[in-house]
């Protein structure tokens, strides 16, 4: 298929915006964790494994999905991924056992990985080159906005008395609509100049100190972000005695139903402010400079997390929300700093960095284990330690930005 014209945005670009918004809708597992724990009588470690299933799929299938897209084309991989998401969501809506839900979450994560890994490189071909970074930033922000919106929608559905499994039936229908839009969209041909993932370059690249230190930074940042927001509702319930149900008990009016409980609202604000911070990031970076902003945001993210860990109920709420905002640009800056420090092999480096989700698969159940034995305040020390490394990297790292 011929390459699409870069003179104006292709329709497929807007479908990708919707696609990222859609799998953002499914990024509300942490808000549902208390319901799942009660439904299956789980401990915190077992609940954390549900988040691991999603992120382990992202870690394991990022590189294979990229290689498969290079071999058979991004269109087929994307369509297969969205179809798998739809099947997985429908399966969760019908499943009644913990083991089957765990397996289905892994399937959803695999489908999401196939979509994300194949769609992100295409964003560059669907609009004028000078708009690439803006479009990519907005694409990523769509996922966080999807999760933000989902909390209010789920609060309304929960207020009507529907079980949490019903949410995934709705998600399955949305995935089917998205699948239809993607099937009807024109995809660009393969870019012969695009850098590909090459496994023969991996060994030499892993000996580079910049890739090692910043790659570890991306791994630890990913663990810190997921390890923070995943446990927000359960933290409020265990530490402050605030019920973690996503909606208010006995909600009668539409306003009461659509406005979530405090833990769910803060979970939504963490993700919503993260998306807003990414949209504002370009202007902030232009005004104050990349390194200065990265240092300030990294320190403030860590301080916000510590304030949330040890504060009173409302101080905790503000701390978690602020942490979402200040983490907003850390991942893009860690990623772009790593890439810009090399004049070649960008495709291989990008593929290696995308495996960072493996830490997001490990940390939530590890936090759950700590929470089971030492309490949730102790559990939040794990993401705090991860953020402390990012602070050190922001202060002393040698990646190339300017």
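The numbers here are math on the coordinates, done by the rules we state, and not lab data. As the structure is a computational prediction, the values presented were derived from the model and not from experiment. For neighbour counting, all protein chains shown are included, and Cβ atoms are generated from backbone atoms with ideal geometry for every residue, glycine included.
Points worth noting:
- A simple spin-label model places the labels of residue 40 and residue 343 5.2 nm from each other, with each point 7 Å out along Cα-to-Cβ.
- Distance (nanometres) between label positions extended 7 Å along Cα→Cβ at residue 240 and residue 288: 2.6 nm
- If R0 is 45 Å, the Cβ-Cβ spacing of residue 166 and residue 318 corresponds to a FRET efficiency of close to 0.90.
- Ranked by how many other beta carbons lie within 10 Å on average, peptides 228-236, 66-74 from highest: 228-236, 66-74
- Per-residue packing, averaged as other Cβ atoms within 10 Å, sorts the ranges 283-290, 53-60 into the order 53-60, 283-290, beginning with the highest.
- Peptides 359-367, 303-311 ranked from most to least packed, by the mean per-residue count of other Cβ atoms within 10 Å: 359-367, 303-311.
- Of the three principal axes defined by the Cα atoms of the range 75-190, the extents in descending order read 48, 28, 23 Å.
- Reported value for the range 255-377: 151 Å³ per residue, from the convex hull of its C-alpha atoms.
- The calculated FRET efficiency for residue 153 paired with residue 96, based on their beta-carbon distance and R0 = 25 Å, is about 0.60.
- As a calculated quantity, the FRET efficiency between residue 183 and residue 310 at R0 = 51 Å, using C-beta atoms, amounts to about 0.50.
- Across the chain, the volume of the C-alpha convex hull divided among the residues equals 137 Å³ per residue.
- Relative contact order of the chain, defined on C-alpha pairs under 8 angstrom at six or more residues apart (%): 27 percent
- Approximate spin-label separation residue 300-residue 128, in nm, with each point projected 7 Å along Cα-to-Cβ: 3.2 nm
- Helical runs assigned H by DSSP (4 residues or longer) give the chain a calculated mean residue ellipticity at 222 nm of -25500 deg cm²/dmol, each run adding -39500 (n - 2.57) before division by the residue total.
- Ordering 142, 89 from the fewest to the most neighbouring beta carbons within 10 Å gives 142, 89.
- Convex hull projection area averaged over all views, the range 56-101, Cα basis, nm²: 3.6 nm²
- Going from the residue with the fewest nearby Cβ atoms within 10 Å to the one with the most, 26, 85, 314 rank 314, 26, 85.
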